[in-house]
Amino acid sequence: MSDDLLERVRARARDNAFWRYLGVEVAEASEGRVRLLVRARDEIRNAPGAPVHGGVFSALVDMAVGGALSTMHEASAGGVGQATLDMNVSFIGASTGDVFAEGRILRRGRTIAFGEATITDAAGKLVAVGRATYMIVAK
C-alpha cells in the first residue's frame, strides 16, 4: 500500500505545473505523511547564489500538507477534491541549498483536514514551519 501512496503523490507532482516548475521530488509517502525535496537552483532564489526565496517555503507548506492529505483521501489525489482554506508559515532561517518539506495530517474529518509541515535544509536545520487547513470537497 505504501508504494501506491508514493506513486499517487508522485503522479500529483508530475501532473501539477507549479510542482514541476519548482522541481518538487517526492522522496517518501505513507498514510497522512509526505516528504518532498526541492533542489536549489537560481530560478527559485532572489538572485544567483542567494538563499531560496521565502515564497518557495510557503508553497512547500501548502504542497506538503496537501500531498499528505492526498495519501488519505482518494478524491484528493492530484489536488482534485480539496482546497486550501487557511495557511500560516513562520520563517526561521535561510537555505542556499536543497530543502526538504515534511507534511503530516494532524486531524481529518469528513469535510476538513488540518496539517503541519516543517521545512529543513540538507543538513537538517529547520528553516520554516507552517500549518494549513483544507476543505475536502465531496464528489
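With only Lys, Arg, Asp and Glu charged, each at its Cβ (+1 for the first two, -1 for the last two), find how big the charge dipole of region 78-138 is about the Cα centre; round to the nearest 20 debye.
Values: 6 positive and 5 negative charges, 65 e Å.
Dipole magnitude for region 78-138 comes out near 320 debye.
Going by amide H atoms built from the backbone, whose H comes under 5 Å of the H on residue 71, apart from near neighbours?
32
Quick query: amide H of residue 28 versus all other amide H atoms, modeled in the peptide plane; which residues come in under 5 Å with a sequence gap of 5 or more or a different chain?
Long-range HN contacts for residue 28: 35.
Grab the DSSP H runs of the chain that are 4 residues or longer, score each as -39,500 (n - 2.57), total them, divide by all residues and round the 222 nm result to the nearest 500 deg cm²/dmol. It would help to have the intermediate numbers written out before the result.
Details: 3 runs with 37 residues, N = 139.
Theoretical 222 nm ellipticity from helices: -8500 deg cm²/dmol.
At residue 46 and residue 16, where each label point lies 7 Å from the Cα along Cα→Cβ, what is the point-to-point distance in nanometres?
Between residue 46 and residue 16, the simple spin-label model gives 2.6 nm.
Quick one: what are the phi-derived ³J(HN,Hα) couplings along region 19-30, Karplus 6.51/-1.76/1.60 with θ = phi - 60°, whole Hz, x for glycine and proline?
Residue by residue, region 19-30 yields 4, 5, 4, 6, x, 5, 10, 9, 7, 8, 7, 9 Hz.
What are the residues whose amide H is under 5 Å from the amide H of residue 45, where those residues sit 5 or more places off or on another chain and H is modelled from the backbone?
Those qualifying (amide H under 5 Å, at least 5 residues apart or on another chain) are 53.
Can you give the translational diffusion coefficient of the chain in µm²/s, computed by Stokes-Einstein from the Kirkwood radius over Cα pairs at 10 °C and 1.306 mPa s?
Working: Rh = 14.7 Å.
Rounded to a whole number, D works out at 108 µm²/s.
Using θ = phi - 60° and the Karplus relation 6.51 cos²θ - 1.76 cosθ + 1.60, list the HN-Hα couplings for region 10-17 in order, rounded to whole Hz, with x at every Gly or Pro.
Computed from phi, the couplings for region 10-17 are 5, 5, 4, 5, 5, 7, 9, 4 Hz.
Can you work out the Karplus-derived ³J(HN,Hα) for every residue in region 38-52? Use 6.51 cos²θ - 1.76 cosθ + 1.60 with θ = phi - 60°, whole Hz, and x for glycine or proline.
10, 7, 5, 7, 4, 5, 10, 10, 5, 7, x, x, 6, x, 4
Here, each number is a calculation from the coordinates, and none is a lab measurement. Nothing here was measured: the structure is a model prediction, and the numbers come from that model. When we count neighbours, we look across all protein chains shown, and the Cβ atoms used for this are built from the backbone with ideal geometry, even at glycine.
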